[in-house]
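Below is one structure, written out as structure tokens; the observations come after it.
The values are calculated or read from the model by the stated rules, or taken from the named source; none is laboratory data. Predicted model, so just to flag it, every value in this text is computed and none were measured. Note: ideal-geometry Cβ built from the backbone for every residue, glycine included; neighbour counts use all protein chains shown. We work out accessible area using only protein heavy atoms, side chains counted, and drop any ligands, DNA or RNA first. Shrake-Rupley method; radii C 1.70, N 1.55, O 1.52, S 1.80 Å.
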Amino acid sequence: MKGFHLTTFGCQMNEHDSERMKGMLVALGYGEVQERGDADLILFNTCSIRESADNRFIGHLGEAKRLKAEDPTRVVGVGGCWAQSVKDEVFARFPFVDVAFGPGQIHKLAEFLTSDSLTAQGYFEFEGFPGELPAHRAREHQAWVQVSVGCNCVCAYCIVPSTRGREASRAPHKLVAEVERLASEGVREVTLLGQNVNSYGRDLPVGAKATFAELLAMVDAVEGIERIRYTSPHPKDMREDVVRAHAELASVCEHIHLPLQAGSSRILKAMRRTYDRPRYLDRVDMIREIVPDCALSTDIIVGFPGETEEDFLETLEVVDRVGYDSAFTFVFSARRGTLAADLPDQLPHSVKRERMERLVPLVQRRARERSQRFIGRDMEVLVEGASRTDPARLRGRIRHNKTVNFDGAAGPGELVEVEISSATSTTLAGSERLLARLR
Ligand code: SF4
């Protein structure tokens, strides 16, 4: 059996693509090895969201070059967004690479590996949804389900539309069939994946259309699925029917990720985010009205070109006003090939750093204040395994997407009731109500 070693960089979409790459390779008779040096096939699934991601990956590629020089029969393959972003120069710059493919061409790797091609091959077409590939899931009771590929937005700082193409939704009946299969394999929680997940269905042909809210209802109806999550939505498509699904469908969890990016309407316009601050806060208010206890998380970019101190203060105001349960915060970095990379008024790193040092403590304080609402409550927890901080305890997640470390006796995949005794900005702690094992 030939061995493969796969290193994954970047987002959940890439993690899921890697699960499918592994499923495909296992179906081809390969076995996964833990050490790159033991592999016949060395693979990378790359990210290109930030320049730093590129540099980190290039470091890893250096080791593949050394291993290929040691044993020229080894095959080196590079997939994902970085490969797509350098598609015209990848083999010239890295002649030891045998196969390169974009995020939409994973299945072509199998074609290359089963062909007797002696020359390097690149596959970079956008062909809509890249086929139904078997997934080698990392988690037994939780699964990603990709509902669409690509993105039709043009956010000024983002490389994704050029590396993943236009939005293409998967047919709802195929999605439901996949979720039914996953449920039959013991999966209890599915996360629906899309670059812009809540614009799902717009491109589907007449007669086969379904909105994202309708898709949520179809998945909710699948026997055995206890929890539905989704990422990443866009505030412009966060419509009332989607929010009502959180209130009305039993398995749609009380957590919404609503990327803000910036609190200033002037900067949001420069980012080409297609919503302004009042519109964003209107979505927040609608969510809080329809699902009062809903957890809200977000993404924020600090230091976008031209961001003034006043603009940044508006970001702090929104963070304080909304009170997010968690937030991913990023320092703006110019990404070659994006509009923002060529904008004037690029800020010095020291200014961006200083603003980040003001933003993070505020995010953490508000998140800590928000998480106090769980103390003293019995919360349903999906058990994921042993606690990462204390092996004598268990780890799981409440429907609000907060991690809980707790004393208990349940096993992975079980739904149990945990009485919450304490809360930090990131995690909760508690004890399982042993007599109240849910299901
Ligand atoms: S919505 Fe904007 S940030 Fe998100 S993937 Fe599309 S272009 Fe990128």
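If each Cα of segment 375-436 is one equal point scatterer, what is log10 of I(q)/I(0) from the Debye formula at q = 0.26 Å⁻¹?
-1.08
How far apart, in nm, are two points set 7 Å out from the Cα along the Cα-to-Cβ line at R56 and at S162?
2.2 nm
Over the chain, what percent of the accessible surface lies on carbon and sulfur atoms, probe 1.4 Å?
Within the chain, the accessible surface is 52 percent carbon and sulfur.
For E357 and E125 in one chain, what is 0.36 nm times their gap in residues minus the Cα-Cα distance, to one decimal in nm?
Full extension of this stretch gives 79.4 nm more.
What are the ³J(HN,Hα) couplings of segment 298-307, residue after residue, when phi is run through the Karplus curve with 6.51, -1.76, 1.60 and θ = phi - 60°? Round to Hz, x for glycine and proline.
Those phi angles translate into 7, 10, 9, 9, 9, x, 4, x, x, 5 Hz.
How big is the antiparallel share of DSSP beta bridges in the chain, given as a percent to the nearest 5?
If we restrict to bridges inside the chain, about 30 percent are antiparallel.
Work out the FRET efficiency for A69 and D320 from their Cβ-Cβ distance, taking R0 = 56 Å, and round it to the nearest 0.05.
After rounding to 0.05, the efficiency reads 0.50.
If each of K236 and E132 carries a label point 7 Å out from its Cα toward its Cβ, how far apart are those two points in nm?
Those two pseudo-labels are separated by 3.3 nm.
How about K352: which lysines have a C-alpha closer than 22 Å to its C-alpha, ignoring those fewer than 8 places off in the same chain?
K269
Highest GNM mean-square fluctuation, the chain, Cα pairs closer than 10 Å: which of L347, L109, L268?
Residue with maximal mean-square fluctuation among L347, L109, L268: L347.
For segment 142-372, what is the per residue volume of the convex hull drawn over the alpha-carbon atoms, in cubic angstrom?
Looking at segment 142-372, the number lands at 126 Å³ per residue.
Ordered by packing density, taken as the mean number of other Cβ atoms within 10 Å over each peptide's residues, highest first, how do 362-370, 411-419 rank?
411-419, 362-370
With a bin width of 10 angstrom, please list the P(r) values of the chain as percents of all Cα-Cα pairs, from the 0 bin to the one holding the largest distance.
4, 19, 28, 28, 17, 4, 0
Sticking with the crude label model, points 7 Å out along Cα→Cβ, report the distance from E185 to E309 in nm, one decimal please.
Placing both labels 7 Å along Cα→Cβ, they lie 5.5 nm apart.
Would you please give the residues with an amide H less than 5 Å from that of F328, counting only those at least 5 places away or on a separate chain, with H modeled from the backbone geometry?
T298, D299, I300
Excluding ligands, DNA and RNA, what is the solvent-accessible area per residue of the chain at a probe of 1.4 Å, expressed in Å²?
It amounts to 42 Å² per residue over the chain.
Could you rank H257, H349, H60 by how accessible they are, 1.4 Å probe, largest area first?
The most accessible residue leads, giving H349, H60, H257.
Would you tally the net charge around S265, using a Cβ to Cβ cut-off of less than 13 Å, leaving S265 out, and scoring K and R as +1, D and E as -1?
Here the count lands on -1.
Please report, in Å, the Rg and the Dmax of segment 329-422, where both are computed over Cα atoms only.
In Å, with Rg to one decimal and Dmax whole: 19.9, 58.
I'd like the Karplus ³J(HN,Hα) series for segment 202-211: coefficients 6.51, -1.76, 1.60, θ = phi - 60°, whole numbers in Hz, and an x wherever there's a Gly or Pro.
Result, ordered by residue: 4, 8, 5, x, 4, x, 10, 6, 8, 7 Hz.
Note the full-extension length gain between A250 and A110 as 0.36 nm times their separation in residues minus their Cα-Cα distance, in nm to one decimal.
The span from A250 to A110 would gain 46.4 nm if fully extended.
Quote the convex hull volume per residue of segment 289-362, based on C-alpha atoms, as a whole number of Å³.
Cα convex hull per residue, to the nearest whole number: 107 Å³.
Name the most mobile residue of L113, L296, L43, meaning the one with the largest mean-square fluctuation, in a Gaussian network model of the chain with Cα contacts below 10 Å.
With Cα springs under 10 Å in the chain, the top fluctuation among L113, L296, L43 is at L113.
Which value, in Å³ per residue, describes the convex hull spanned by the Cα atoms of segment 28-185?
In segment 28-185, the Cα hull volume divided by residue count equals 139 Å³.
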